[in-house]
Amino acid sequence: MENRAVVNRLIPFSNVDGPGNRFAIFFQQCNIQCIYCHNPETQSECKVCGKCVVNCPVKALTLVENKVVFDEKLCVECDTCIKNCVHQSSPRTHEYTVDELYTEIEGYKAFIRGITVSGGEPTLQAEFVTELFKKIKPLELTCFVDTNGFFDKDSNDMQKLIEVTDKFMVDIKAVDKIQELCGTNLKNNVDNLKYLLSLNKVYEVRTVIIEDYMDVENTLTTVASILKDYPNVNYKLITVHNSGLKDHQRELINDKIPTRERVEDLADMVRRIGVKKIEVI
Ligand code: SF4
Ligand code: SF4
């Protein structure tokens, strides 16, 4: 049977997921759980518990053959399903084959510079994304991967994906306290960043700045010391924010948000280490 992937949403025109106008594909499922995640409903596969089906006010969800089926035409986007899912999932997903996604993208070819896969964590679908990128290449669109950086670079699937990817946008969440911040025992991803840089495959690195859950100075100094040798790579410093988060997340974050002055001071520190392109958000 043809390979299928679960997609949380498609955004045909995005100008925040890499250079130019881009078709962004958000895959379902992640391998970490950051406390400040703004899309926690993309973290897990649906467990088919059925809770959202009975609570949907317009019956846009039905259980069919042990799957939740979503009817986009009926949905009024009240978000009741997402707010109440205790499994960090969403019933508002669609399964696509590579050919089906290609057809969606092809219609926008004249208006976009490329495509970006995001999530969730798109490297969990490395084999599928590799096939998609190979099919997209003849359209002369650039293919970007937006990743949290937690992947096994030596695996066969990742080697193939790296080969067909034009550029990666890599999060460095932290270089310490990763368990506390991201709920994972996965190895620090700085080695993956260095590897991708050595291949000239990095467009941008991002770090979300949150106090206490990470050693901010240590993380930024570590990344800056690497990026100073790559003047074309952008380092984006993002101030954590609590809008749109679930209540329990907001409680964890409220007193951990750095001031604008603090973030500007940190950007100056990164600049002094030698990073040329810095963006503060
Ligand atoms: S989306 Fe969440 S609430 Fe709905 S069936 Fe799946 S796991 Fe249950
Ligand atoms: S967002 Fe759509 S699918 Fe979810 S509960 Fe509301 S109407 Fe139903």
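The values are calculated or read from the model by the stated rules, or taken from the named source; none is laboratory data. On a predicted model such as this, the values are computed, not experimentally measured, just so you know. Don't worry about glycine lacking a Cβ; one is built from the backbone with ideal geometry, like all the others, and counts go over all protein chains shown. All accessible areas refer to the heavy atoms of the entire protein, side chains included, with ligands and DNA or RNA removed. Shrake-Rupley method; radii C 1.70, N 1.55, O 1.52, S 1.80 Å.
Some observations on this one:
Conditions tested, residue by residue: (1) over 30 Å from K177 (Cβ atoms); (2) in the same structural domain as K167 (by TED's automatic domain parsing).
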residue	(1), (2)
F26	no, yes
C37	no, yes
A60	yes, no
V69	yes, no
K73	yes, no
E100	yes, yes
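- From the list I25, I32, the lone residue that is assigned to a loop (DSSP other than H, G, I, E, B) and open to solvent by less than 50 Å² (accessible area, probe 1.4 Å) is I32.
- So Y108, is it in contact (Cβ under 8 Å) with a residue 60 or more places away in the chain, under 26 Å from N21 (Cβ atoms) and more than 7 Å from ligand 2 (Cβ to nearest atom): yes
- Scanning the range 1-49 for residues that are among the aliphatic types (A, V, I, L, M) and within 18 Å of F128 (Cβ to Cβ) turns up M1, A5, V6, V7, L10, A24, I25.
- Verdict on R260 being of a type in the set (K, R), free of Cβ contacts under 8 Å to residues at least 24 places away in the same chain and under 17 Å from V208 (Cα atoms): yes
- Checklist (1) hydrophobic (A, V, I, L, M, F, W, C); (2) out of contact with any strand residue (DSSP E or B) (no Cβ under 9 Å at 6 or more places or on another chain); (3) without any contact (Cβ under 8 Å) to a residue 24 or more places away in the chain applied to C37, failing item: (3)
- Residue in the range 167-179 that is surrounded by fewer than 22 Cβ atoms within 10 Å (Cβ to Cβ), of a type in the set (F, W, Y), assigned by TED's automatic domain parsing to the domain that holds R260 and in contact (Cβ under 8 Å) with a residue 12 or more places away in the chain present: no
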